[in-house]
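Since every read-out is calculated from the coordinates, none of them should be taken as a lab result. Keep in mind the model is a prediction, meaning the values are calculated, not measured. Glycine also receives a Cβ, built like all others from the backbone with ideal geometry; neighbour counts cover every protein chain displayed.
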Amino acid sequence: MKMNRTLLTLFTIVMFALVPNLSWAQNDTENSAPSDQDQNAGATDNETNMPMSKLMLKSNQVTNTVGMVLKKISPKLWAGMYEVTQEPYKKIAGGNPSAFPGKEHPVDSVTWNDAMTFCQKLTEREQKAEELPEGYIYTLPTQAQWEQLVGNASLGDAVMSLNLQRQSSTAPVGSKGANNNGLYDTRGNVKEWCLDPQDKPYRVLRGGAWDTYIEINARLEFREYSAPDKTKNDYGFRVVLEPAGSK
């Protein structure tokens with residue numbers, strides 16, 4: 001009996017000694033540093049907040065400050081996934097000349113001068129915001145670049161009025177399939193102004209448009225020649241982003 005009392009006393013002493021340690025262990029667990037998973041939880045948000053210039057180093061697709069999606073075509077050439085739509089055009093130009101209003105529709109009824117002014121203002125905006133890689137500017141594609149951008153797009157990927165399938169207006173961008181460059185509407189929705197030539201009294205538009213109904217005008221080699229200050233409701237444009245002076 002005496003031995004049992006002694007064992008009971010020793011057991012009680014041990015338990016009282018362990019209780020504080022158990023409490024401290026619980027507190028240590030509650031106040032411990034976040035796990036690796038917790039620390040990485042905001043990684044995607046942090047990437048989203050990176051300047052576009054840094055995102056361009058690690059991604060093949062970026063979105064600029066006015067919501068335009070750009071696709072990487074080559075190490076130093078990026079192009080609009082879509083023709084410039086009316087919402088970003090209005091943000092930069094201050095107005096919308098389109099005959100066919102629609103947030104997701106391409107801007108239409110723009111002159112070559114309008115398109116170049118848009119590119120200049122967008123460049124200035126994003127340079128000021130320190131979003132662009134050093135020396136990069138928005139501009140229009142040259143005809144040679146346009147031929148690169150059109151890729152393997154087929155007439156099935158174009159918004160046109162061929163084969164008696166008459167269209168009454170432009171369509172939302174991306175309504176048809178993308179080409180191998182990940183670009184939409186390169187064969188048709190609005191005709192696209194090109195940068196060159198600039199030493200002539202005319203400028204060149206490439207591609208078809210919503211109102212293209214003659215087969216010859218739907219061919220890749222088709223060009224429309226127009227004065228830089230002339231506009232029609234099937235004139236639009238797509239931007240490229242590249243180092244200045246690389247033309």
> Where the centroid of each part is defined by its Cα atoms, how far is the stretch 69-89 from the stretch 131-203 in Å?
Replying inline: 10 Å
> What ranking of Leu241, Leu149 emerges when the number of other C-beta atoms within 10 Å of each C-beta is taken as an exposure proxy, fewest first?
Replying inline: Leu149, Leu241
> When Ser74, Ser175, Ser98 are ordered from fewest to most other Cβ atoms inside 10 Å of their Cβ, what list results?
Replying inline: Ser74, Ser175, Ser98
> Could you name the lysines in cross-link range of Lys230, using Cα to Cα under 25 Å and dropping any fewer than eight places away on the same chain?
Replying inline: Lys90, Lys91, Lys103, Lys121, Lys191, Lys200, Lys247
> For Leu132, what is the net charge nearby, where nearby means another residue's Cβ is under 12 Å from its Cβ and Lys, Arg count +1, Asp, Glu -1?
Replying inline: -3
> Which lysines does Lys58 reach when only Cα atoms under 23 Å apart count, and residues fewer than 8 places away in its own chain are ignored?
Replying inline: Lys71, Lys72, Lys76, Lys128
>> Along each principal axis of its Cα atoms, how long is the stretch 173-247 end to end? Whole angstroms, biggest number first, please.
In response: 34, 29, 21
> One-quarter of the Cα convex hull surface for the stretch 111-247, in nm²?
Replying inline: 8.6 nm²
>> Can you sort Tyr184, Tyr213 from fewest to most other Cβ atoms within 10 Å of each residue's own Cβ?
In response: Tyr213, Tyr184
